[in-house]
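The structure appears right after this line, and notes come after that.
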Amino acid sequence: MYEDLNNKVVLVTGGSKGIGKSIVSRFLKEKSIVYSVSRHAPEIREDNVNYMFGDVSNSEDAKNIIKKIVDENGKIDILINNAGIEEYASLENTELNMWERTININLNGAYLMSKYALKYMVENNYGNIINMSSVQSNIITKNAAAYVTSKHAIIGLTKSIALDYAPIIRCNAVCPATIDTPLVRRAAVLEVGNDENKINNKIKEWGDNHPMKRVGKPEEVANAVAFLASEESSFITGISLFVDGGLSIKAPISTPEK
Ligand code: BMA
């Protein structure tokens, strides 16, 4: 627990499910003032969370979401750009609307929310932005070009905010590998169908590819986010923090035993 997160005004985008839902819970435990925005109803409604409906990739929505939080609290301290989608297709089969949907939510959403939040953060002389990237900003899977592109671009956005707004505002990226979330379960369904056993086997197979021999839990990503949001990371800005069970350090090449 990080005492300095008490009473901080925090917005989590994509807070209705998956990693976002865990980040919302974590900031509640930290006694922060928590806002969650999503295009979907929250999977669970926690007491003391301010749930908002909105589309981060819509400029008007983004502006209004930030404005409402600042109207209610006089400031916004911490922005977690977590909202994201992943769809699967070869590049030829990635139609323009699919490409735009992914880039709009994963990248433009983070840009718009940051753009509007930064004004108030600068005024208040304090701010911390954390962007959800992916291990796929480094090593990548097939048939996910729009997603992979968006997650690489998020690293550029993170570094740009970190450099342009230091020393007042910090900005870092978090790069998860396979985490047990609706997004990953949907990917499993697309591969093996709806059979629960087959889905769990697929997730276990993915887990076995990680040196830690399992997929990650949403709370483990939320732990990294809380650290970067807290003053415990006060000299860290512009980095990518990999929460990947070692996946990105592993070359898929065997070596002689002795
Ligand atoms: C994430 C998502 C997951 C995937 C993981 C590791 O960003 O794409 O579906 O399992 O990367 O490649």
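Scan VAL122, VAL148 and give me the residue that is closer than 19 Å to ILE19 by Cα and outside any strand (DSSP E or B). Walk me through it before giving the result.
Values: VAL122 fails: closer than 19 Å to ILE19 by Cα.
From the options VAL122, VAL148, the qualifying one is VAL148.
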Considering (1) at positive phi; (2) surrounded by 14 or more Cβ atoms within 10 Å (Cβ to Cβ), say which one GLY193 fails and leave the rest. (2)
Of the residues in the stretch 52-77, how many are over 22 Å from PRO182 (Cβ atoms) and of a type in the set (Gly, Ala, Ser)? 3
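Take MET132 and tell me if it is away from the ligand (no atom under 16 Å from the Cβ) and buried (at least 23 other Cβ atoms within 10 Å of the Cβ).
Working: away from the ligand (no atom under 16 Å from the Cβ): no; buried (at least 23 other Cβ atoms within 10 Å of the Cβ): yes.
So MET132 does not fit the description; no.
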Here is a list: PHE242, PHE235. Which entry is away from the ligand (no atom under 15 Å from the Cβ) and of a type outside the set (Val, Ile, Thr)? PHE235
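Kindly indicate the residue of the stretch 95-129 that is polar (S, T, N, Q) and within 16 Å of the ligand (Cβ to nearest atom) and also farthest from VAL215 (Cα to Cα) among those meeting that condition. Walk me through it before giving the result.
Applying the first criterion (polar (S, T, N, Q)) to the stretch 95-129 yields 97, 102, 104, 106, 108, 114, 124-125, 128.
Okay, now just the ones that are also within 16 Å of the ligand (Cβ to nearest atom), so 102, 106.
Values: THR102: 24, ASN106: 22 Å.
Only one residue tops the list, namely THR102.
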Whether any residue in the stretch 102-124 is over 30 Å from GLU231 (Cβ atoms) and without any contact (Cβ under 8 Å) to a residue 24 or more places away in the chain is what I want to check. no
Looking only at the stretch 213-232, count every residue that is exposed (fewer than 14 other Cβ atoms within 10 Å of the Cβ) and within 16 Å of the ligand (Cβ to nearest atom) and tell me the total. 1
Selected residue (criterion: surrounded by the fewest Cβ atoms within 10 Å (Cβ to Cβ)) from residues of the stretch 149-172 that are under 16 Å from MET113 (Cα atoms) and within 12 Å of the ligand (Cβ to nearest atom): ILE154
Evaluation of ASN82 against (1) crowded, with 24+ Cβ neighbours inside 10 Å; (2) within 16 Å of LYS8 (Cβ to Cβ) (one fails), failing number: (2)
Could you go through the stretch 41-51 and let me know if any residue there is touching a helix residue (DSSP H, G or I) at 6+ places or on another chain (Cβ under 7 Å), over 22 Å from PRO182 (Cβ atoms) and not in a helix (DSSP H, G or I). yes
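Coordinate-derived values only; no laboratory data. Not measured: the values here are computed from a predicted model. Positions of Cβ are generated from backbone atoms using ideal geometry, with glycine treated the same way; all protein chains shown enter the neighbour counts.
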